[in-house]
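Visitor: Sharing a structure with you now.
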Amino acid sequence: MSALAACKLKASDYKSGTRPVWCPGCGDYHVLLSLTKSVAELGLPPEQIAVVAGIGCSSRIPAYLNCYGFHGVHGRALPLATGLKVARPDLTVICAGGDGDGFSIGGNHLLHACRRNVDITYVVMDNEIYGMTKGQPSPTTAQDWDSELTPGGTGVSPFHPLVIALASGANFVARAFSGDPSGTTKILVDAISHPGFSFVQVLSPCVTYRPDQREWKTMVHPPPVAFTTDAAQAARRVMTDDGFNIGVLYKGSRDRYGQTVDCNARYERDLDEEFLV
Amino acid sequence: MTDQAGKSFSVALLGKGGVGVITAGELLLAAAARCGRYGLMIRVVGPQIRGGESAALVRLGSEPINCLDDRFDILLGIDWKHSEQVLADISIDADSIVVTDPAQDGVPGAIAASGAHIRELELSSLAETINGGRVNMVALGYVAGLAGIPQAAVTQSIENKFGRKGRLSVDASSKAAVLGHSEATTSSPPASLDEPQENRWMISGNHATGLGALRGGVRFAAAYPITPATEILEWLAPRLKDAGGALSQAEDELASINMAIGASFGGVPSITATSGPGLSLMIEGLGLAVCAEVPVVVVNVMRAGPSTGIPTKAEQSDFNAAIYGLHGDAPHIVVAPNSVTDCVYTTQWAVHLAEATQAPVIVLSDQFIGQAIVVTDPIPAISFFAKRKLAENVSEDFERYAITADGISPMPLPGTPGGQYTADGLEHNAKGAPSGAAADHNAQLDKRARKISDFDYGQHWADIDGDGELAILTWGSTTCMVREAIQRLPDEISDKLKLISLRLLLPAKPIEMAAALDGVERLMVIEQNHTGQLYRYLRAWYDLPPIVDTMHRPGPSVFRPGEIAARISEWCDE
């Protein structure tokens, strides 16, 4: 696309007009805004973007965008996105979802998507809750958080997604806060532009089931230091910080996944010959 | 006994893993192919990963061979330790010859009790006379000699297989085979040579499946290893790469089916292969492919179930899972290849069906046809090729899930300007927006059902032979044994028979079936599972003759033609 055409794209060009199912005040509205602003800033034509999601409140996001979208089954967004990017390396593939979808039912796929390092950006809107099923603890919920399903709390330590992503080989790791759309937009531009698997945890409050998360806006702060290219150092930082460091934390330079489809290739080999006795 | 059964020659080579009985079996098959024979080989292995007992079961003949015989002419044991489990698949009788090395402690009791002729051959001593000589090559030469295969054909096959290992390896193997061959031909006159053939193929069902996929236009595969389907994926890996395609190894079957669906959403014909437990995990993804209308092919190489079951043995017991496993009303297609060579055709057809209907297709192969290797005439190419109805010039009011007469809605591929839509497992309206409205649900359910039920499957839904008033209905690999059973029966019985081998299991084709069953007085359904899964399905979907009998039993032993011939013959007299 020409520079002129790229200039014309506005964030609103990427919205489908479908009204979200989200509650008033949900952090995901701002993630939707930041995502559209970031792809507009990158000048990516809507038809060249595919947004792939699983199941949950935040996973509804593809329908709210004017891009190609896939709203798949619970937890399987990353394999869908992986297959799509391998088949269509020309597309910008963004995978999006929540903490239950990505860290619990889809947890195993996260490890292997990080390892594989396919050039996709994974945006997890983390609100430490299953919102669509009306308030059950997720893998990032504090262990003493009381719920109908787990009276008195889960008694199980929460999961640390950024450390897992670093340990598994993600090539870009950042934490964003939905309440800061311009900061989130910058991080997403950086994540989409970075080659390989980029993982962005967006703290995105659930005002309905976790009204306490309204306080997040007073708790977030920039990281004390710039991002590192040393995964071990990044892991140490995120394991010891307060969980509210917002910004790019790690940028790696691992080789991308090698498998890719070339749709223009012509088949030269005579398959029949190899079966001849 | 007809010509085929009469002329065929069955050899079992048995030995512990590592001695190379499977290699010897493959070389025997290749040598037979070189001198104009057809053949089939089955690999039988014990549960051990390495070092357990294994056997190569080889059957040779002058006509194409699609299954094992009931018994073996020759059983050669390189050693007999831990052979009980493998011997269960090898039936011998007083006319069989059992070859044993005198260095061993004699043959197992069951073999001695069979009354077979026991012949001693100093396999290990003969091999030791050659530098680098191996017992399996002596055994190969010996059984080739007994089968009337000239030494030259054996040597050629050895050259072909071991050529890249260097001269020393080829020479050692050839010399050992020559020694074995000369021992065999001293005891009986050499059999007459058949017409040499230059253009025979040797192919396994799993490789044939891979070939069908590639011929059909598949360019992406997702892979999670599972016995007995892995060879399909291993065969595809380098060949997809050569074709500009790709294979991704997935972390599990949940991932592999979703990777295949993702790639197909991008416009690339996609496949994955698995076996029962993997199919169970993929069912969730298959439901997504139904609802989001994304073409995908899943090859299920059936093994004995449920659960882990008997991974190395065939059974036709995933029929119900393939037909009924999806939740909701989920129209999809299920097809079954009915011989090793038909795996090429049926898989290629499956790719065509998936792409044309934008729906998932399950191919029900099984361990028997998947892992059997046959010598066959070249398998000709057919014209079915992946062709999707695409939306290329998209107008403002484009509807991805438009209600069309044939139920198939044009699909825009990502990158098509203006065609943006969200493929969804949520029920949706014609536009693709999520909808829980009854009208949308009904319209989309009707559309998805119609595109499968109204599609023109042509004559390929079944293979029908004969025109008798007694019909045999079967499917998949069991067709191989039923065909031979019918050939063996005397004309006065076989003239009364009609064989219907169902290739299209879902959707049901009641009108075509009614025509096929016109004038049929009695029907017998033959399948390899414990509960008669096809039989019960037929009862639900088809108008059947007043008398329907069944012959069904589970694995792990596949049917033998004699067993089926006996049952049919009895049934015809009832």
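Visitor: Report the Rg/Rh value for chain A, based on alpha-carbon coordinates and the Kirkwood definition of Rh.
Guide: Values: Rg = 19.4 Å, Rh = 19.3 Å.
With Rg and the Kirkwood Rh in hand, the quotient comes to 1.01.
Visitor: Between residue B:549 and residue B:426, what is 0.36 nm times their sequence separation minus the Cα-Cα distance? Round to one decimal in nm.
Guide: Working: separation 123, 0.36 × 123 = 44.28 nm, distance 4.31 nm.
Fully extending the segment from residue B:549 to residue B:426 adds 40.0 nm.
Visitor: Further question: Ranking request for peptides B:474-480, B:78-84, B:518-524: highest mean number of other beta-carbon atoms within 10 Å first, then the rest in descending order.
Guide: Details: B:474-480: 28.6, B:78-84: 17.9, B:518-524: 15.9.
Descending mean neighbour count gives B:474-480, B:78-84, B:518-524.
Visitor: Another question, if that's okay. Taking a virtual spin label 7 Å from the Cα of residue B:446 along the C-beta vector, which residues in segment B:395-427 bring their backbone nitrogen under 19 Å of it?
Guide: Answer for this model: B:399-410, B:427.
Visitor: Moving on. Residue A:10: which aspartates and glutamates have alpha carbons under 14 Å from its alpha carbon, excluding same-chain residues fewer than 8 sequence positions away?
Guide: Hits, sequence-local ones excluded: A:41.
Visitor: Plugging the Kirkwood radius over Cα pairs into Stokes-Einstein for segment B:392-527, at a temperature of 37 °C and a viscosity of 0.692 mPa s, what D comes out in µm²/s?
Guide: 179
Visitor: Let me ask another. How long, wide and thick is segment B:3-185, going by the Cα atoms along their three principal axes, in whole angstroms, largest first?
Guide: Reported extents, whole Å, longest axis first: 43, 39, 33.
Visitor: Contour minus end-to-end for residue A:230 and residue A:253, with contour as 0.36 nm per residue of separation and end-to-end as the Cα-Cα distance?
Guide: Working: separation 23, 0.36 × 23 = 8.28 nm, distance 1.00 nm.
Taking residue A:230 through residue A:253 to full extension adds about 7.3 nm, to one decimal.
Visitor: Near residue B:81, which lysines are there with a Cα under 20 Å away, not counting those fewer than 8 places off in the same chain?
Guide: Counting by Cα, and skipping residues close in sequence, residue B:81 has these lysines nearby: B:16.
Visitor: Per the Debye formula with a single identical scatterer at each Cα and no solvent contribution, what log10 I(q)/I(0) holds for segment B:389-455 at q = 0.16 Å⁻¹?
Guide: Once normalised to I(0) and log-transformed, intensities are -0.52.
Visitor: Using Cα pairs closer than 8 Å and at least 6 residues apart in sequence, work out the relative contact order for chain B, in percent. If you can, show how the numbers build up before the last one.
Guide: Working: 1307 pairs, mean separation 70.1, N = 574.
This gives 12 percent for chain B.
Visitor: Could you put B:259, B:41 in order, starting from the residue whose Cβ has the fewest other Cβ atoms within 10 Å?
Guide: Values: B:259 36, B:41 27.
Listed from fewest to most nearby Cβ atoms, that is B:41, B:259.
Visitor: How big, in percent, is the set of alpha carbon pairs in segment A:48-142 lying more than 22 Å apart? Before the final figure, lay out each step's value.
Guide: Values: 990 of 4465 pairs.
Value for segment A:48-142 (Cα pairs over 22 Å): 22 percent.
Visitor: In addition: Using a cut-off of 12 Å between alpha-carbon atoms, which aspartates and glutamates can reach residue B:498, once sequence neighbours fewer than 8 places away in the same chain are excluded?
Guide: B:463, B:465, B:467, B:469, B:518, B:521
Visitor: Related question: In what sequence do B:447, B:496 fall when counting other Cβ within 10 Å, fewest first? Intermediate values should be presented prior to the final figure.
Guide: Working: B:447 21, B:496 18.
Neighbour counts put them in this order, fewest first: B:496, B:447.
Visitor: Could you tell me the center-to-center distance, by alpha carbons, between segment B:125-148 and segment B:41-55 in angstrom?
Guide: 21
Visitor: To the nearest whole number, what is the average tally of beta carbon atoms from other chains within 10 Å of the beta carbons of peptide A:43-53? Let's see the in-between values first.
Guide: Numbers: counts 0, 0, 2, 3, 10, 3, 3, 8, 1, 5, 2.
Counting Cβ atoms of other protein chains within 10 Å of each residue's Cβ and averaging gives 3.
Visitor: Further question on the same structure: Take the residue pairs A:85/A:251; A:8/B:447; A:85/B:389 and return only those whose Cα atoms are more than 28 Å apart. Kindly include the intermediate steps, with their values, before the conclusion.
Guide: Numbers: A:85/A:251 21 Å; A:8/B:447 39 Å; A:85/B:389 22 Å.
With Cα atoms farther than 28 Å apart: A:8/B:447.
Visitor: Calculate how many DSSP beta bridges within segment B:3-185 are antiparallel, expressed in % of all such bridges and rounded to the nearest 5. Please list the in-between numbers first.
Guide: Values: 16 of 28 bridges.
Around 55 percent antiparallel, to the nearest 5.
Visitor: Magnitude of the Cβ-charge dipole of the protein assembly as shown, K/R +1 and D/E -1, about the Cα centre, nearest 20 debye? Before the final figure, lay out each step's value.
Guide: On the way: 68 positive and 94 negative charges, 550 e Å.
Its charge dipole is roughly 2640 debye.
Visitor: Also: Jot down the radius of gyration and Dmax of chain B, Cα atoms only, both in angstrom.
Guide: According to the Cα coordinates of chain B, Rg and Dmax are 25.6, 84 Å.
Visitor: Moving on. If you average over every viewing direction, what projected area does the convex hull of the Cα atoms of segment B:203-376 give, in nm²?
Guide: Answer in nm², one decimal: 8.4.
Visitor: State the cysteines of chain B left without a partner when partners are defined as other cysteines whose beta carbon lies under 4.7 Å away.
Guide: So, B:35, B:291, B:343, B:572.
Visitor: Apply the Karplus parameterisation 6.51 cos²θ - 1.76 cosθ + 1.60, with θ equal to phi minus 60°, to every residue of segment A:116-130 and state each ³J(HN,Hα) to the nearest whole Hz, in sequence, with x for glycine and proline.
Guide: Those phi angles translate into 5, 6, 6, 6, 10, 10, 10, 10, 9, 8, 9, 10, 6, 6, 8 Hz.
Visitor: For residue A:167 and residue A:142, what is the calculated FRET efficiency with R₀ set at 25 Å and r taken between the beta-carbons, to the nearest 0.05?
Guide: Values: r = 22 Å, r/R0 = 0.87.
In this case the efficiency is close to 0.70.
Visitor: Report D for segment B:459-573 in µm² per second (integer): Stokes-Einstein, Kirkwood Rh on Cα pairs, 20 °C, 1.002 mPa s.
Guide: Numbers: Rh = 14.0 Å.
The diffusion coefficient I find is 153 µm²/s.
Visitor: When every alpha-carbon pair in the protein assembly as shown is counted, what percent end up more than 42 Å apart?
Guide: Across the protein assembly as shown, Cα pairs with separations above 42 Å total 42 percent.
Visitor: Moving on. Whole angstrom only: what separates the Cα centroid of segment B:459-507 from the Cα centroid of segment A:11-58?
Guide: Their Cα centres are 57 Å away from one another.
Visitor: Normalized C-alpha radius of gyration of segment A:186-262, against 2.2 N^0.38 Å?
Guide: Working: Rg = 15.5 Å, N = 77, 2.2 N^0.38 = 11.5 Å.
Output field value: 1.35.
Visitor: Going down the list B:241/B:387; A:15/A:186; A:186/B:431; A:217/B:431; B:7/B:165, which pairs span over 30 Å between their C-alpha atoms?
Guide: Details: B:241/B:387 21 Å; A:15/A:186 19 Å; A:186/B:431 33 Å; A:217/B:431 38 Å; B:7/B:165 36 Å.
From B:241/B:387; A:15/A:186; A:186/B:431; A:217/B:431; B:7/B:165, over 30 Å: A:186/B:431; A:217/B:431; B:7/B:165.
Visitor: Along its principal axes, what span do the Cα atoms of segment B:276-354 show, with the longest given first and each in whole Å?
Guide: Taking the Cα atoms of segment B:276-354, the three principal extents are 35, 29, 15 Å.
Visitor: Next question, about the same structure. Which is farthest toward the positive dipole end of chain A among A:187, A:56, A:130, measuring Cα position about the Cα centre, with Cβ charges +1 (Lys, Arg) and -1 (Asp, Glu)?
Guide: A:187
Visitor: Just the Kirkwood number for segment A:64-215, please: inverse of mean 1/r across all distinct Cα pairs, in Å, one decimal.
Guide: On the way: mean 1/r = 0.0628 Å⁻¹.
It is 15.9 Å.
Visitor: What ranking of B:385, A:275, A:199 emerges when the number of other C-beta atoms within 10 Å of each C-beta is taken as an exposure proxy, fewest first?
Guide: On the way: B:385 14, A:275 18, A:199 29.
By the 10 Å Cβ count, ascending: B:385, A:275, A:199.
Visitor: Now, a different point. What distance in nm separates the simple spin-label points at residue B:320 and residue B:511, each placed 7 Å from Cα in the Cβ direction?
Guide: 3.1
Every number here is computed from the coordinates shown, using simple stated rules; none is lab data. Please read these numbers as outputs of a predicted model, since none were measured by experiment. Cβ sites come from the backbone with ideal geometry, for glycine too, and all protein chains shown count toward neighbours.
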